[in-house]
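What follows draws every value from the coordinates through simple rules; no lab data is involved. This is a predicted model, so every value here is computed, not measured. Cβ atoms come from the backbone with ideal geometry, glycine included; neighbour counts cover every protein chain shown.
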Amino acid sequence: MSRPLRTTLLTVTLLAGLAACGSVKDDSDTGSAAESATTAGSSAFPVTITHKFGDTKLTSPPKRVVVVGNGGTDDVDALYALGVTPIAVTKDSLSSDGIYPWLKDRIDTRETKLIDTLGGIDFEQIASLQPDLILATSDFTLDKDYKKLSAVAPTIGYATAWGRQSWQEHVQVVGKAVGKKARAEKLIKDTEAGIAAVRTEHAGLDGRTYSLSIGNTPAKIYTIASETDFAAKLMGELGLGLTPSVKNIKTVNGSPTGELSFEQLDRLDADLVVIAFTTKDLQRAFEASTLVKKMAAVKKGDYVVTDVETISQLRSPSVLGIPWALDNLEAGFAKLDN
């Protein structure tokens, strides 16, 4: 992938709109905790799922599910966590093998085809897979894609706008679509319990501040600037609060993402400073700044460099990616326990 295209994808992920509720309506609400791990109970159907583009009705458990969209892995994660193997999913354009790092032990390319949708959806390719359900809630071009996708198979889009459904809402929608509503609710509770366990393990996080940023262009840093960001909500569940110095800074297109020049880097200072860079040159330029060297977090060693996938997962959390991302920040969390 060319660097400009890669940067565009990273920026799209970083600037995702956030936090709204989905609307899901069941014709039959008979899911039970005894639902099979591999097959959906027929008693859960028919089911109707309401989203921005209309009502999608499923009369029987889907057997050939395709997931499209470069905006996140919520649908993919939910399927695998619920014991459903999709026949095709959009590939990760940032990894060499096309598989998101937290799904490497889940996706078997002999069973699941990786499709490239970064340059647009190949509708003939999707049709050739003969899907009976298309999950497209992460397709940020769905306004123009939905009509063609729904002509191929029943298609579920995002509830109100791209990037605004929480990971919990994604799990609920997928659970209902595949007839595993009760199991989806348990999955949500278990994941929330896992987040709570991280907070319990790291009592030093309570009441401390953080900044979370990405460097993907020269002389500029993008950082979370609002508590409405999904990442901020997740960090808040751990007891951390966004450092006040980045709140209300210049934001990008009205999103929760703030923009800082190199002359403003000291505003990133917090009890824990987390940042990812797309190149080593950008990291070196950042760390060479006198303002960065003077940061209290840098002086104390509470400065953590992570990878872009971790930042992207925090910004658009998914049920299987959350534990992976939090584990990647474990060393930073441990610093605040001392």
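Some points to look at:
- Remark: the GLU201-ARG106 segment gains 31.5 nm on full extension, using 0.36 nm per residue and subtracting the alpha carbon distance.
- Unit charges at the beta carbon, dipole of the chain: most positive-side option, ALA270, GLN283, ALA331: GLN283
- The dipole here belongs to the chain: it is taken about the Cα centre, uses +1 on the Cβ of Lys and Arg and -1 on the Cβ of Asp and Glu, and is about 460 debye.
- The range 42-111, relative contact order [Cα under 8 Å, separation at least 6], %: 21 percent
- Greater than 32 Å apart at Cα, pairs in LYS144/LYS180; LYS144/LYS189; LYS57/LYS113; LYS63/LYS104; LYS189/LYS280: LYS144/LYS189; LYS189/LYS280
- With contacts taken as Cα pairs under 8 Å and at least 6 residues apart, the chain reaches a relative contact order of 20 percent.
- Positive-pole candidate from ILE99, THR117, ALA127, dipole of the range 85-139, charges at beta carbon: ILE99
- Positive-end ranking of THR217, LEU142, VAL89 along the dipole of the chain, with charges on Cβ about the Cα centre, is headed by THR217.
- A value for P(r) over Cα pairs in 20 Å bins from 0, in percent was derived from the coordinates, and within the list [x] 31, 55, 14, 0; [y] 29, 52, 12, 6, 1; [z] 25, 47, 26, 2 it appears as [x].
- Within straight-line cross-link reach of LYS176, aspartates and glutamates at Cα separation under 17 Å, skipping those fewer than 8 residues along the same chain: ASP26, ASP27, ASP29, GLU35, ASP55, ASP74, ASP75, ASP77, ASP132, GLU185
- Taken one residue at a time, the phi angles of the range 191-208 give Karplus couplings (6.51, -1.76, 1.60, θ = phi - 60°) of 5, 4, 5, x, 5, 4, 5, 5, 5, 5, 5, 10, 4, x, 7, 4, x, 8 Hz. Gly and Pro are set to x.
- Over all pairs of different C-alpha atoms in the range 253-338, the reciprocal of the mean inverse distance, the Kirkwood hydrodynamic radius, equals 14.1 Å.
- In the distance distribution for the range 179-315, Cα-Cα pairs more than 19 Å apart total 52 percent.
- Packing-based exposure ordering (other Cβ within 10 Å, fewest first) of SER166, SER60: SER60, SER166
- Pairs of Cα atoms nearer than 8 Å and 6+ residues apart set the relative contact order; for the range 201-240 it is 48 percent.
- Here the range 113-213 is treated with +1 on each Lys and Arg Cβ and -1 on each Asp and Glu Cβ, and its dipole about the Cα centre works out to around 300 debye.
- Helix content alone sets the calculated 222 nm mean residue ellipticity of the chain: runs of n ≥ 4 DSSP H residues at -39500 (n - 2.57) each, divided across all residues, give -9500 deg cm²/dmol.
- A Cβ-based charge dipole, computed about the Cα centre of the range 188-338 with Lys and Arg at +1 and Asp and Glu at -1, lands at about 480 debye.
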